[in-house]
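Worksheet: one structure, shown below.
The values are calculated or read from the model by the stated rules, or taken from the named source; none is laboratory data. Values in this document were obtained by computation on a predicted structure and should not be read as measured data. Here Cβ is always computed from backbone atoms with ideal geometry, including for glycine, and neighbour counts include all displayed protein chains. The protein model used for the area step is the full one, side chains on, heavy atoms only, and it has no ligands, DNA or RNA in it. Shrake-Rupley method; radii C 1.70, N 1.55, O 1.52, S 1.80 Å.
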Amino acid sequence: MKQIGSTLFAVLVTLLAATGTANAQQVRYFPVPPGSRPHDVASGEVSVIEPPTARQGARRVWSDSKGRIWVSEWNSGYLSSFDPASGAWRKWMPPGDSPRTYSVYVDDRDKVWITDFNANAILRFDPASERFERFASDRSGAAVRQMLGRAGEAWGAESGTDRLVVVTTR
C-alpha cells in the first residue's frame with residue numbers, strides 16, 4: 001500500500017509479487033490523484049489503471065491466480081475486474097438494493113469475496129458462473145472493511161461490531 005496525499009491508493013506490486021502473478025518489473029497503480037504520478041523507480045515506467053466507471057470510488061483491490069485485478073467500487077456498487085493480458089475491464093452488480101461494496105478478497109480457488117454495507121453481508125462471487133452467494137451477518141451494522149483468508153476460510157473484520165467472522169468454504 002502506498003499513501004499519496006490524503007488518499008490511500010493500492011500499489012499492487014507487493015500483492016502481485018506475493019501471489020506470484022507478476023514480477024517486480026510489472027508495477028501497476030490504482031487511480032492516482034490529479035498531479036500525482038507514482039512510478040517504478042528502477043525502470044521509470046508508470047502504469048496507471050483507471051476503472052472505467054465514472055466516480056466509482058474504488059476501496060480495495062486484490063489479484064487472482066490469473067493476474068486479474070478485482071476492485072470493489074463503493075460509489076457505484078460494482079465489483080469490477082481488470083485483465084492485464086487483454087486490457088479489458090468487466091463489472092458485475094451484486095444483488096440487492098443499492099449495493100455499497102467495500103472490501104474484496106480472492107481465495108485459493110479464485111472465488112471473489114466482497115462486502116456490501118447496505119446488505120450487511122459478505123458475498124462470494126464465482127467468476128465462472130457469474131453468480132453471487134450471500135452470507136449475512138447476524139448483527140446489524142457489521143461494516144466489514146477488510147477481508148483475508150486461508151485455504152477453506154474467508155475472514156471478515158466487522159468494524160461495526162468489533163469482531164472477526166469466518167465463512168468456511170469447504
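Around ALA58, under 12 Å between beta carbons, what's the net of Lys plus Arg minus Asp minus Glu among the other residues?
Working: positive: ARG55, ARG59, ARG60, LYS91; negative: GLU50, GLU73.
Surrounding charge for ALA58 is +2.
How big is the accessible area of GLU158 in square angstrom, nearest 10, if you roll a 1.4 angstrom probe over the protein chains?
For GLU158, the solvent-accessible surface is approximately 10 Å².
To the nearest 10 square angstrom, what accessible area does THR161 show with a 1.4 Å probe?
Roll a 1.4 Å probe over it and THR161 shows about 30 Å².
In what order, largest first, do GLU73, GLU133 sit by accessible area if the probe radius is 1.4 Å? Spell out each step's value before the answer.
Values: GLU73 0, GLU133 85 Å².
Putting GLU73, GLU133 in descending order of accessible area: GLU133, GLU73.
In the stretch 37-141, what percent of the accessible surface is made up of carbon and sulfur (1.4 Å probe, ligands and nucleic acids excluded)? Mind dumping the intermediate values first?
Numbers: 2320 of 5280 Å².
Whole-percent figure for carbon plus sulfur exposure: 44.
Suppose each label sits 7 Å from its Cα in the direction of the beta carbon; what would the THR168-ALA42 distance come out to in nanometres?
4.2
Taking only protein heavy atoms into account and a 1.4 Å probe, give the accessible area per residue of the stretch 43-170 in Å². Walk me through the numbers before you get to the answer.
On the way: 6390 Å² over 128 residues.
Result: 50 Å² of accessible area for each residue.
Pull up all non-local amide H partners of GLY57: gap of 5 or more, or a different chain, and H-to-H distance under 5 Å with H placed in the peptide plane.
Here ASN75 satisfy the definition.
Would you rank MET147, MET93 by solvent-accessible area, highest first, keeping every protein chain in place and using a 1.4 Å probe?
Values: MET147 5, MET93 85 Å².
Most to least solvent-accessible, the answer reads MET93, MET147.
Heavy atoms only, 1.4 Å probe, whole protein assembly: order LEU164, LEU148, LEU79 by accessible area, highest first.
LEU164, LEU148, LEU79
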